[in-house]
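Structure first, commentary second.
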Amino acid sequence: MMALATRIGAGVRLKLADVGASTRLFFGLLARSPKALARFVLVREQVFYLGNRSLSIIGVSGLFVGFVLALQGYYTLQRYGSAEAVGLLVALSLVRELGPVVTALLFAGRAGTSLTAEIGLMKAGEQLTAMEMMAVDPLQRVLAPRFWGGVIAMPLLAAVFSAVGIMGGWLVAVPLIGIDAGAFWSQMQGGVDVFADVGNGVVKSLVFGVTVTFVALLQGYTCKPTPEGVSAATTRTVVLSSLAVLALDFMLTAMMFSI
């Protein structure tokens with residue numbers, strides 16, 4: 001029993017140490033953010049690298065999600081004589097939930113793994129150590145611009161996902177199924193609130209952007225400087241980011257839309 005208690009205590013202590021190191025890294029990034037944002041060209045490059053290069057998968061995924069939402073929504077709503085409300089269903093589903101959540105999951109798989117691998121390889125190649133030897137802070141020069149690049153890119157990608165998804169829903173609902181175009185857009189405009197729906201979706205995407213980007217940078221910065229360590233860190237990025245996004249989505253939805 002004593003040996004078991006000792007192992008449990010050692011495991012808990014290690015996890016608490018990891019939490020403490022993660023917290024220190026997060027606040028270290030925030031403390032260095034003003035200087036990193038002052039050189040906005042570095043942040044702009046990361047917005048392009050993380051956001052623009054993710055547009056293809058975000059756009060295609062949003063289009064097909066809009067297709068499916070329109071089909072499933074029509075099959076359900078026609079039972080109750082409300083097929084014209086399919087536009088409202090598509091828009092609310094995208095701006096409230098699927099837009100931020102699916103974009104965050106795709107962002108974790110595309111950009112998050114790229115960040116982890118990049119930082120991990122820089123650590124394995126001792127580039128971060130060399131920067132410290134030259135009195136260059138790697139948190140300020142390398143991590144902080146990538147952090148804010150991901151935070152800025154995430155809401156933009158979520159907006160693109162929702163917009164493309166709505167257009168995909170229109171393509172299925174109006175030309176294919178035959179729903180009146182005026183009813184499709186009027187139901188959407190009358191039922192979607194800018195602040196309660198779109199605004200909360202933007203808040204979600206910002207929170208997800210902070211979470212996914214920080215998890216990716218943390219895993220890359222703390223991974224073992226070996227090929228196996230970088231590979232394991234990349235896998236952890238996808239798993240931890242996905243679980244964190246789904247858990248945060250539940251909590252944010254409970255707070256935002258329960259009233």
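Nothing in this text is a laboratory measurement; each read-out follows from the coordinates by a stated rule. Fair warning: this is a prediction, and the values are worked out from it, not measured in the lab. Here the Cβ positions follow ideal geometry from the backbone for every residue, glycine too, while neighbour counts run over all protein chains shown.
Points to keep in mind about this one:
- If you model region 34-170 as an ellipsoid using its alpha carbon gyration tensor, with each semi-axis the square root of five times an eigenvalue, the axes come out at 41, 13, 9 Å, biggest first.
- Label-zone membership for region 210-249, site Arg53, 7 angstrom Cα→C-beta point, backbone N under 19 Å: 212-221, 230-231, 233-235, 237-238
- When the convex hull of its Cα atoms is projected in every direction, mean area for the chain (nm²): 18.5 nm²
- Span from the region 125-175 Cα centroid across to the region 220-235 one, whole angstrom: 20 Å
- Globularity index of region 117-246 is 1.49 (Cα radius of gyration / 2.2 N^0.38 Å, N = number of residues).
- Computed E for Met134/Ala163 - FRET, C-beta separation, R0 35 angstrom, nearest 0.05: 0.20
- Rounded tilt (10° steps) of 144-171 against the dominant C-alpha axis of the chain: 20 degrees
- If the segment from Leu176 to Ala21 were pulled out straight at 0.36 nm per residue, it would be longer than the present Cα-Cα gap by 50.4 nm.
- MRE, 222 nm, helices only [DSSP H, n ≥ 4, -39500 (n - 2.57), over the chain, to nearest 500]: -26000 deg cm²/dmol
- Stretchable slack from Gln78 to Leu243, in nm (0.36 nm times residue separation minus alpha-carbon distance): 55.9 nm
- Length gained on full extension, Ala38 to Thr226, computed as 0.36 nm times the residue gap minus the Cα-Cα distance: 64.3 nm.
- Taking Cα atoms only, the orientation of helix 113-124 departs from the longest principal axis of the chain by about 10 degrees.
- Here the calculated FRET efficiency for Leu63 and Glu97, from their Cβ-Cβ distance with R0 = 22 Å, stands at 0.80, rounded to the nearest 0.05.
- The packing ranking of peptides 203-211, 161-169, 137-145, highest mean first, is 161-169, 203-211, 137-145, where packing means the average number of other beta carbon atoms within 10 angstrom of each residue.
- Taken over region 195-259, the ratio of Cα radius of gyration to 2.2 N^0.38 Å equals 1.38.
- FRET E, pair Glu126, Ala31, Förster distance 25 Å, beta-carbon r, rounded to 0.05: 0.50
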